[in-house]
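Below: one structure, written as C-alpha cells.
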C-alpha cells in the first residue's frame, strides 16, 4: 500500500483522536497552534441553550470575560457563522456596529490578533461549534496563510468536533457509518498492497474517483490517513484480507 | 449575474427566489416528470430547501432566475445519502471536503452560456471554501449538458438506462477547467470572482480589524 510517511499534521490529528479527555484536547490545540505558527487556535461549542465550552489558546482571562459579558450575543463571528457552513474569513464579517467595534477592541486588548478564520460545524440535533485560527499579521500574509492552510484547517475543525461530540454526556451512540461496497473494495485492495494506480485499474475507475472513495472512507472511519483507514477497517472487521 | 445565497437570504430577492422555485417545478415536474412536490403556488420545494442550503443563482437583468443549483455539506443530511445510496451500491458519501450539488436547473428561456456560468460559480465555491469535490444526482440529459460546458462529472453509480438513467457523479475543478468554463460562460474570471466576493462580503469595506 502507499505507506507514505505521516505528516506532522496527521500525527497531531491522531493525537487528537486518541485524546481521553478535554485536558488532552486542550494540549493538542496548543500543539496545533504551534504547528500552524499562529497566535491562537480555538474550538468553541455553543449548545442550543447557549451553554458554551471548548478548548484553545485564548487567555483564560479573555474566555472568562467573554462569558461574563455575554459576548456570544454580539460576537460578529458567531453571528456570521451560525447559519452558514462555509469557512469564514473574519474580514468578510460586519464589524461596523458600535457593540461589535467595542467587542473587537476588547478582544485585541486581551491578546487576540486582528485576523481570524472560522470553520462552522454542525452535529446531530442542531449542535453548533466553531473552529477558529486567529493571528496578527497584515492582509496579504493572512490571505497567503488561508490559501495554504484552508483544507488542513477544515479537517482540524471536523476532528475537534468529532471528539467533542464523543465527550457529550448523554450522547446517543453514533450511527454506524457504513462503508459503500466500492470503498470496501478500494481499502481491501490497498490493504493487499496494491498501488493506487493498480487499485483504480482493477476497479475500472480513475485515480481521481479512487481518491474520493478513500477520502470518504477515511472520514467515516475517523482516520487521519489512508494507512490508518485501512488498519481501522481491518480491525473493525469491515474488510477481510 | 451570479448570486450566492443561503436559503435564509432568499427573502431579500423575492422575485429571484420565486422564479427559481417556479422554474424548478417546470424543469423537474413538467419536463422531466420527476416525482417532486409542487405547492399550490406552482413552486417546487423539498425537505433539503428547509436545511438552509446555499444556492448559486443566475439572475437576469429583469431580476428573475435563469439557472441555479443547490449545495449542502455531505457531513450533514444530503439527498444522496438519504435516497440514492443504492446508486452507490449501498453506503454513503461523507467528507468535510465534499459538498452535495442538487437541483441543477435551467429556466426554459435560459441562454446556453448560463449552464457554464453556474459551473463557474461552483468552481468559485471550491476555490474559496476548500471544497475538493461536488457530488450530485442527475439524469441522462444533464450528462450531455455538463459535457458540453466542459465540466463532465465522473459517474460513481448509475441506475436505469437511456433517458431514464439516474446517476451519482462527482466533480472537481482544475484551473484549466475554470478557464474553459469561463470562456463558455462569457464571463471573465475576474468578474466571476467579483460576484463571489460581493455575495460573501469581502469587498463591503466594513472591515476594521487593524489593531
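What the table below lists for this structure:
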{"read-out": "Helices (runs of 4 or more DSSP H) enclosed by the range A:41-128 - at least 2 residues per element that are in the same structural domain as residue A:144 (by TED's automatic domain parsing) and within 23 Å of residue A:145 (Cβ to Cβ)", "value": "A:76-81, A:98-109"}
{"read-out": "Qualifying positions in the range A:53-79 - crowded, with 17+ Cβ neighbours inside 10 Å and touching a strand residue (DSSP E or B) at 6+ places or on another chain (Cβ under 6 Å)", "value": "A:54, A:55, A:56, A:57, A:58, A:77"}
{"read-out": "Enumeration of residues in the range B:129-163 that are within 30 Å of residue A:90 (Cβ to Cβ) and buried (at least 20 other Cβ atoms within 10 Å of the Cβ)", "value": "B:129, B:130, B:131, B:133, B:134, B:135"}
{"read-out": "All strands (runs of 3 or more DSSP E) inside the range B:94-211 with 3 or more residues being away from every other protein chain (no Cβ under 13 Å), closer than 18 Å to residue B:4 by Cβ and touching a residue at least 40 places away in the same chain (Cβ under 8 Å)", "value": "B:98-106"}
{"read-out": "Test for residue B:90: is it in contact with a helix residue (DSSP H, G or I) (Cβ under 9 Å, 6 or more places away or on another chain), facing chain A (nearest Cβ under 9 Å), over 12 Å from residue B:24 (Cβ atoms) and in a loop (DSSP other than H, G, I, E, B)", "value": "yes"}
{"read-out": "Residue match in the range A:191-212 (condition: within 11 Å of chain B (Cβ to nearest Cβ), closer than 30 Å to residue A:47 by Cβ and out of contact with any strand residue (DSSP E or B) (no Cβ under 9 Å at 6 or more places or on another chain))", "value": "no"}
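The values are calculated or read from the model by the stated rules, or taken from the named source; none is laboratory data. Model, not experiment: these values are computed from the prediction. Because the Cβ atoms are built from the backbone with ideal geometry, glycine has one as well, and the counts that use them run over all protein chains shown.
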